[in-house]
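Working notes, beginning with the structure itself.
Just so you know, all these numbers are worked out from the coordinates, no wet-lab data involved. Bear in mind that the values here come from a model prediction, so they are computed numbers and not experimental data. For neighbour counting, all protein chains shown are included, and Cβ atoms are generated from backbone atoms with ideal geometry for every residue, glycine included.
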Amino acid sequence: MVSAFDPGELKSIFSTNEQNRTTDDYFLESGDKIRFFFEEHAFHSDGALKQPKEQSINKIGHALHDLESLFDTFSRSSKVRDLVSDLGVEDPLLLQSMYIFKQPNIGGEVTCHQDSTFLYTEPTNIVGLWFALEDATIENGCLWAIPGGHSTGLKSRWVRTPNGMKFEIYDNTPWPEEALVPLEVSKGALILLHGLLPHRSYENKSSKSRHAYTLHVISGRATYSANNWLQRSPAMPLRGF
C-alpha cells in the first residue's frame with residue numbers, strides 16, 4: 001500500500017505537539033478513507049524526504065477496516081467480536097483504524113492524551129484495541145499509561161467549529177507524567193485502552209521500528225458527537241461486526 005502511494009505535492013504530516021499541530025482537509029476528511037501521513041521529521045528543509053518513502057510514513061488511517069479486505073477480515077474476526085462483547089460494549093460499531101509505523105530514528109512522539117478527547121461519545125463508551133505487530137519496548141517507543149488515570153475525568157475535547165478545530169479545556173492541570181508506566185509487550189500482544197485512560201509514547205530514536213495496528217470501537221447505543229473531528233459521509237455509515 002505504501003509502495004503504491006504517490007503523495008505528489010501533498011505531504012500531510014502527523015504531529016501531536018500543540019505548537020506543531022496542523023489541521024488540513026486531507027486529515028479531516030479521512031474518517032471514511034485510507035490516507036497516508038508522514039513523520040514530522042521525515043523531510044529536509046527543502047521539502048525532500050530524508051529517506052525512502054517506506055521509512056517516512058507515520059501512519060495510515062482511518063477506515064482500513066472498511067476499505068481494505070485484509071484489515072476488514074482481521075478487525076471483524078470472531079476473536080475481536082467476542083472480546084468486544086466480553087467488554088460489555090453494546091451494539092458495537094467499528095469507528096477508526098490505523099496502521100502505525102513508529103519509524104526507526106524519526107518515529108514521532110505522541111503526547112499524553114485520552115482517546116475520548118478526539119472520539120467523544122455520550123456516555124463515554126469507547127475502547128481502543130492496540131495490536132503489537134512488532135515487539136514494543138522502551139527503546140523503540142512503546143506505549144506508556146497512568147494507572148487508574150481513567151477515573152479522573154475528561155480533561156479536554158478537540159472539536160470542530162465554524163472556524164476550524166479547537167480544544168475545549170475542562171481541566172488544565174498538567175498530566176502527572178511521573179506516574180506513567182511503560183507498557184512493554186511482545187509481538188502479537190493486545191493492549192486495551194479505556195477512552196479516558198491517559199497514555200502516550202515517546203520518540204523512537206532507535207534503529208528498530210514499532211509497527212502496530214489500532215482499532216477503536218464504540219457502542220451503537222451511545223451518541224457519537226457531531227463535532228468530533230472524525231466524521232463520515234452518509235454514504236458510508238459506521239458498521240459493526
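Counting 0.36 nm for each residue step from Q51 to A235 and taking away their Cα separation leaves a gain of 62.4 nm. Electrostatic tally near L94: other residues with Cβ closer than 11 Å to its Cβ, Lys and Arg +1, Asp and Glu -1, net +1.
Computed 3J(HN,Hα) for region 149-163, one whole-Hz value per residue from the Karplus formula 6.51 cos²θ - 1.76 cosθ + 1.60 where θ = phi - 60°, is x, 5, 8, 8, x, 7, 8, 6, 9, 9, 10, 6, 9, x, 9, glycine and proline marked x.
Subtracting the Cα-Cα distance of I169 and S206 from their residue separation scaled by 0.36 nm leaves 9.9 nm. In this structure, the pairs whose alpha-carbon distance is over 31 Å, taken from K166/K208; K79/K155; K102/K155; K33/K53, are K166/K208; K79/K155. One entry in (i) 48, 45, 41; (ii) 53, 42, 32; (iii) 69, 60, 33 is Cα extents along the principal axes in Å calculated from the shown coordinates; its label is (i).
For Q96, the residues whose modelled amide H falls within less than 5 Å of its own, excluding neighbours fewer than 5 places apart on the same chain, are H216.
Based on Cα contacts under 8 Å between residues 6+ apart, region 25-224 shows a relative contact order of 31 percent.
The length gained on full extension between S3 and E184, counted as 0.36 nm times the residue separation minus their Cα-Cα distance, comes to 62.2 nm. Counting only Cβ charges, +1 for Lys and Arg and -1 for Asp and Glu, the dipole size of the chain around its Cα centre is about 200 debye.
Entry note, the chain: the mean residue ellipticity at 222 nm calculated from DSSP H runs of n ≥ 4, each adding -39500 (n - 2.57), is -2500 deg cm²/dmol after division by the residues and rounding to the nearest 500.
Residue ranges 194-205, 65-76, 44-55 sort as 194-205, 65-76, 44-55 when ordered by packing (mean number of other C-beta atoms within 10 Å per residue, highest first).
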